[in-house]
Amino acid sequence: MRKIKIFDTTLRDGEQSPGASLNVEEKLVIARQLERLGVDVIEAGFPISSPGDFESVKLIAESLDGPTICGLARARKEDIEAAGQALEKAASSRIHVFIATSNLHMDKKLKMSREEVLKMAVNSVELARQFTDDVEFSPEDASRSDMDFMCDVIEAAINAGATTINIPDTVGYAMPIEIGERVRYVKEKVPASNDIMLSIHCHNDLGVAVANSLSAMQAGCDQIECTINGIGERAGNASLEEIVMALKMRQDVYEVETGINTEELWSTSRLVSNLTGIEVQRNKAIVGENAFAHEAGIHQHGVISDRRTYEIMSAKSVGWHGTQLVIGKHSGVHAIEKILERRGYDLNREQLHEVRTRVKDAADREKSIEEEDVVAFATEVLNELDSEEQVLSLEEVSVMTGNGFTASATIKLKINEEELIGTGTGVGPVDASSHALQEILSAHFGPELELSDYGLKAITGGTNALAHAHIQFTDQSENRFRGDAVDKDVILASVHAMIKGANRALNHRIRHEKTAGGEKSSSSPESESEPQNTAK
Ligand code: KIV
Ligand code: ZN
């Protein structure tokens, strides 16, 4: 049967989602789970964009030997060299080079002529081939590019050594019928494209990324680029789990197969959601909480007599077991290890013991701990700061809140034996605490950090549930700093998460100041000129 390659770009395009920023260790945990899931290619990052991205691509390349590890590069020498260096130790490596071919992007963004773009495409593919035999080329904004010019660039890239040509619908503009036609046009106009791998990469701005990917696949693309839970910039990318299950459930229509172990889909989805802080919408196909819940009585009746009446696939086939293991204070590290293994959290001994300590403390204080609590502790441990990163530590926090009363907070922090106190008011206790913290930060460390994302989740039900706070600070240069914390008290969880984020911001600033002339500037793949600093 025709085999479709699954190219996962969760760690690159997905990680560009607003709100998502993963540290190196978290990326490695996700990469290992993607390997278990059976993806063919992992696009692990954009090495030139930041030291963190370079490090994570390098670490993933060194640590995994199943899937091909890919690094993104603009059609520039320094980008390709950075990708080549990061991928040096990979068992199987790919460099993915892109340059825009639509008139709009060439005129307004690149400010380059068609000839210049074509030449850069050729030179960059040739350079990338000096680092690896596996080079992918993407004409960015393909779906809005002049077909014939795009074909000329594709042909030139193939002649220069590209082994995969990817057709990106960068802004999610295409309709399924058009994208299929575009792929057929390329196959007809560029005969050499039939000897290399054709790939499709769709964004979801009009909600048809999965449909577009399937249409392009039917037209001849043997590789589909997608992300877990469909995360990605703006409305996201085509969702891996939806594509894979559509191909599996409707093999009668498509007559293709993938190498994906679908029973790993649910845990991969939850792992990505927990580590990025991007929730999966309840009614999301395949992995949403409601995907296998049958609320309506008439449906329940049908499902009880035969599940197939209202279920086209089983929950088990996507790895959704429904059962949650319960952990008591006497549960050993093995029970915790079992849960975490099943949920894709590959922790080292030290981290496992730390999770165990936190579980035991929580169980000592109150109730038995459920599977989701254990997962939240593991998320927190993975997001922990190194001791040298701990610039600020929390000494005290007190809040006053009530009805007809302005919430106020006082926070005392310690930095190198010095105590710093900040006070703030706000619409509620978390807002007041955030202002108190910001008062200290702006008075002592210069320009303000904006709290650009805040999420609070009761992990399991009940008013005694543990709370998981997820925050993100953004500084004036658009650097993003994340913090995650779990506590039985929502305010403490929030303040701890904010202090983690603030520590990351300070570490970034200290590193930046130490580097003479500043750190290497980073660049967004969507823009040739504007920096996108994703400091993690
Ligand atoms: O959407 C896009 O065009 C991309 C390219 C880098 C392939 O992500
Ligand atoms: Zn993209």
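Can you list residues from other chains, or at least 5 along the same chain, whose modelled amide H is less than 5 Å from the amide H of Asp169?
Under 5 Å from the amide H of Asp169: His201, Cys202, His203.
HN-Hα J couplings of the stretch 54-70 from phi, Karplus 6.51/-1.76/1.60, θ = phi - 60°, integer Hz, Gly and Pro as x?
Working through the residues one at a time gives 4, 4, 6, 5, 5, 4, 5, 4, 6, 8, 10, 10, x, x, 6, 9, 10 Hz.
Quick query: amide H of Gly45 versus all other amide H atoms, modeled in the peptide plane; which residues come in under 5 Å with a sequence gap of 5 or more or a different chain?
Leu72
How many Å² of accessible area per residue for the stretch 258-361, probe 1.4 Å?
Each residue of the stretch 258-361 exposes 55 Å² on average to a 1.4 Å probe.
Within the stretch 392-516, what whole-number % of the accessible surface is contributed by carbon and sulfur, with the 1.4 Å probe and all protein chains included in the calculation?
Answer for the stretch 392-516: carbon and sulfur cover 50 percent of the accessible area.
Where the accessible area of the stretch 2-276 is counted over protein heavy atoms with a 1.4 Å probe, how much of it, in %, is carbon and sulfur?
47 percent
On a full-extension model of 0.36 nm per residue, what is the gain between Ser477 and Glu311, subtracting their alpha-carbon distance, rounded to one decimal in nm?
54.9 nm
Out of the total accessible area of the stretch 333-384 (probe 1.4 Å, heavy atoms of protein only), what percent is carbon and sulfur?
Carbon with sulfur: 45 percent of the solvent-accessible area.
Please turn the phi angles of the stretch 426-434 into ³J(HN,Hα) values with the Karplus equation 6.51 cos²θ - 1.76 cosθ + 1.60 (θ = phi - 60°), one per residue in order, whole Hz, x for glycine and proline.
x, 6, x, x, 6, 4, 4, 5, 4
Going from the alpha-carbon gyration tensor of the stretch 392-516, what semi-axes, largest first and in whole Å, does one get by taking the root of 5 times each eigenvalue?
Sorted largest first and rounded, they come to 25, 17, 13 Å.
Between the stretch 148-164 and the stretch 433-502, how many Å separate their Cα centres?
So the two Cα centres are separated by 47 Å.
Residue-wise, which Karplus ³J(HN,Hα) couplings in Hz belong to the stretch 249-265, taking 6.51 cos²θ - 1.76 cosθ + 1.60, θ = phi - 60°, and x for glycine or proline?
6, 10, 4, 4, 7, 8, 6, 9, 9, 10, x, 7, 8, 5, 5, 9, 5
As a quick test, which of the pairs Lys187/Lys284; Lys89/Lys316; Lys58/Lys514; Lys316/Lys338; Lys5/Lys187; Lys58/Lys500 have an alpha carbon distance above 29 angstrom in this structure?
Result: Lys187/Lys284; Lys89/Lys316 exceed 29 Å.
Roll a 1.4 Å probe over the protein chains and send me the accessible area per residue for the stretch 395-516 in Å².
With all protein chains present, the stretch 395-516 gives 47 Å² per residue.
The values are calculated or read from the model by the stated rules, or taken from the named source; none is laboratory data. On a predicted model such as this, the values are computed, not experimentally measured, just so you know. With ligands, DNA and RNA removed, areas are computed over all heavy atoms of the protein, side chains included. Shrake-Rupley method; radii C 1.70, N 1.55, O 1.52, S 1.80 Å.
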